[in-house]
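The numbers here are math on the coordinates, done by the rules we state, and not lab data. The structure displayed is predicted, hence computed values, not measured ones. Neighbour counts run over all protein chains shown; Cβ positions are idealised from the backbone, glycine included.
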Ligand code: FES
């Protein structure tokens, strides 16, 4: 059903799971389809050094969750917040129109986990 890079990512996602003692963790839910995406991150000196994801939902969200974890690794919090839905869509090889919101869920998860980090580490 899914092809190319998207199918590859769905079948062989990277960064699956949950970090032990993460610097921050957040879970977001799409209120319409009810899919959930959880991100946990480790932050050292303002840089996201590690990220893991868990998905409870559709196959494309496995790909977008995996890509979100991949793209934020090595980035500062500020740079991670600049990642867009379109960037994730491109990086997973292009989502079907009806699944574009799976990329939105990934961006929402990035925002939520960084929000959690900032709540835990107020300046
Ligand atoms: Fe809704 Fe994937 S179908 S996030």
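If you fit an axis through the alpha-carbon atoms of helix 100-120 and take the longest principal axis of the Cα set of the chain, what angle between them do you get, 0 to 90°, nearest 10?
Orientation of helix 100-120: about 10 degrees from the principal axis.
Sort 27-40, 8-21 by packing, meaning the average of other beta carbons within 10 Å per residue, with the highest value first.
In descending order of packing, they fall as 27-40, 8-21.
With runs of 4+ DSSP H residues as the only contributors, calculate the mean residue ellipticity of the chain at 222 nm using -39,500 (n - 2.57) per run, divided by the residue total and rounded to the nearest 500.
-13500 deg cm²/dmol
Hull surface divided by four, with the convex hull built on the Cα atoms of region 64-123: how many nm²?
With the hull built on Cα positions only, its mean projection is 3.9 nm².
Rounded to the nearest 5, what % of the DSSP beta bridges within the chain are antiparallel ones?
95 percent
If I fit a long axis through the Cα atoms of helix 59-72 and take the longest principal axis of the Cα atoms of the chain, what angle between them do I get, 0 to 90°, rounded to 10?
40 degrees
For region 64-102 and region 2-19, what is the separation of their Cα centres, given in Å?
A separation of 13 Å, based on Cα centres.
What order, most packed first, do the peptides 47-58, 65-76, 90-101 have when packing is the mean number of other Cβ atoms within 10 Å of each residue?
65-76, 47-58, 90-101
Could you pull the Rg and Dmax for the chain, using just the Cα atoms, both in Å?
Rg, Dmax (Cα atoms, Å): 13.4, 47.
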